[in-house]
1. Which value, in debye to the nearest 20, gives the size of the charge dipole of region 64-205 about its Cα centre, when Lys and Arg are +1 and Asp and Glu are -1 at the Cβ?
2. Filter the trypsin sites (Lys or Arg not before Pro) in region 202-302 down to the DSSP loop ones having no more than 16 other Cβ atoms within 10 Å, then list what survives.
3. If you place +1 on the Cβ of every Lys and Arg and -1 on the Cβ of every Asp and Glu, how big does the dipole about the Cα centre of region 2-332 come out, in debye to the nearest 20?
4. Hey, rough spin-label estimate for residue 265 and residue 130, points 7 angstrom out along Cα→Cβ, what's it come to in nanometres?
5. Using a cut-off of 15 Å between alpha-carbon atoms, which aspartates and glutamates can reach residue 332, once sequence neighbours fewer than 8 places away in the same chain are excluded?
6. Take every Cα pair under 8 Å in the chain that's 6+ residues apart, average their separations, divide by the length, and report that relative contact order as a whole percent.
7. Which parts of region 97-137 would a label at residue 280 reach, counting a residue when its backbone N lies under 19 Å from a point 7 Å out along Cα-to-Cβ?
8. If you take every DSSP beta bridge whose two residues both sit in the chain, what share of them, in percent to the nearest 5, is antiparallel?
Amino acid sequence: MICVTGGTGFIGSNLVRALLERGERVRLLVRPGGRPAGSPGASWLLRQIAGRGSGARTELELAEAANRIEIVWGDVTDRDAVNRLAQGARVIYHLAAVARAWSRDPAEFHRVNAGGTANVLQAARAWGVSRVVHVSTELVDGDATPYQRSKREAEALVQRYVSEGGDAVIVRPTRVYGPGPLNQANSVTRLIELYRRGWFRVRLADGGARGNYVYVEDLVCGMIQAGDKGGNGGVYVLGGENATVEELCAAVAAAAGKRHGVLELPVPVAKTIAGLMELLGHLGLEPAVTRAWIRVLLADRPMSWEKAARELGYNPRPLLAGVEATVRWLEKTRGQRR
Ligand SMILES: NC(=O)c1ccc[n+]([C@@H]2O[C@H](COP(=O)([O-])OP(=O)(O)OC[C@H]3O[C@@H](n4cnc5c(N)ncnc54)[C@H](OP(=O)(O)O)[C@@H]3O)[C@@H](O)[C@H]2O)c1
């Protein structure tokens, strides 16, 4: 049995699909919040997941996969729920996290991202789980945002778990894009969609800072490889190509066959707008970016995934190929996406 937290999210839904395609039995921890009335089961969940990604599933395939999927309803901060998840697990992929730019309650990052990880590790130890694959982020080397600090704390817990005899690997995705909900966690695909439609007209004057962009299917493949053959305690950056936002836009223009002009917004102006967004956040309007995240976006952050290539056989596609696949998916699913 493979267990997954965060399986309803952007990356998690792609991971669950890949695991089912491998023929695995999968148990998911799902928050009851989004559940419709009554007692929906695996078929409902599968439809949710199938609707979020690139794979078009037939009713038959869904019905077959439903026999191999189980749901544990609960929150990752609830120790009992996580214990029910981990019972009899061979591997736990731990993805559940607050992966947004901002929270009205800043302590939520610590509670869910670090506290949830502590619960997963405790349950893994209690049930003798063979391996935990902890999904971290390449941003753990900074502490500008509460998200980064909480993910750092979580990694430290995993490292302590390994030093105390547990078995775990840490994967650090870079900026992820591709088929999935166009939520804050998938903001790169949101940018691709806006550019494609000619609505992305202003960007931060970031001085050509580079980020690293990984296509979600490549990332999921790397996560499974880390689960299968990563060394105990290993830390693997799972990335794709290094690029500036200008280069990313050029890739979208090439894939979509249309180029649009994009103006540069001076940093002080961007910071003022972000500050106003934070104020509106307190009134219930979720800010897309904060002043702390602008500091993160201004840093030049090329990344290397060479260790994952050497030890796991990780082999992500180039940026243009991933952007082309994303644009094709956006075109195909236009009008069907929630
Ligand atoms: N997206 C990126 O670019 C990126 C880059 C590096 C690392 N990561 C890491 O990848 C992981 C997955 O992120 P994502 O991009 O897939 O984000 P996402 O789409 O926001 O998904 C987050 C997942 O965590 C679940 N979750 C949140 N709080 C929970 C709680 N209290 N209890 C149980 N489940 C909870 C969500 O459930 P609901 O469906 O109920 O909300 C959802 O399934 C995270 O650990 C994130 O830090 C993401």
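Each reported figure results from applying straightforward, stated rules to the coordinates on display, with no laboratory input. Predicted model only: the values in this text are computed from it and were never measured. Here the Cβ positions follow ideal geometry from the backbone for every residue, glycine too, while neighbour counts run over all protein chains shown.
1. Result for region 64-205 is approximately 560 debye, rounded to the nearest 20.
2. Answer by residue number: 258, 259.
3. The calculation lands at about 340 debye.
4. Between residue 265 and residue 130, the label points sit 4.9 nm apart.
5. The qualifying aspartates and glutamates are 193, 324.
6. Normalised by residue count, the contact order of the chain is 17 percent.
7. From region 97-137, the list is 100-105.
8. Roughly 10 percent of the beta bridges in the chain run antiparallel, per DSSP.
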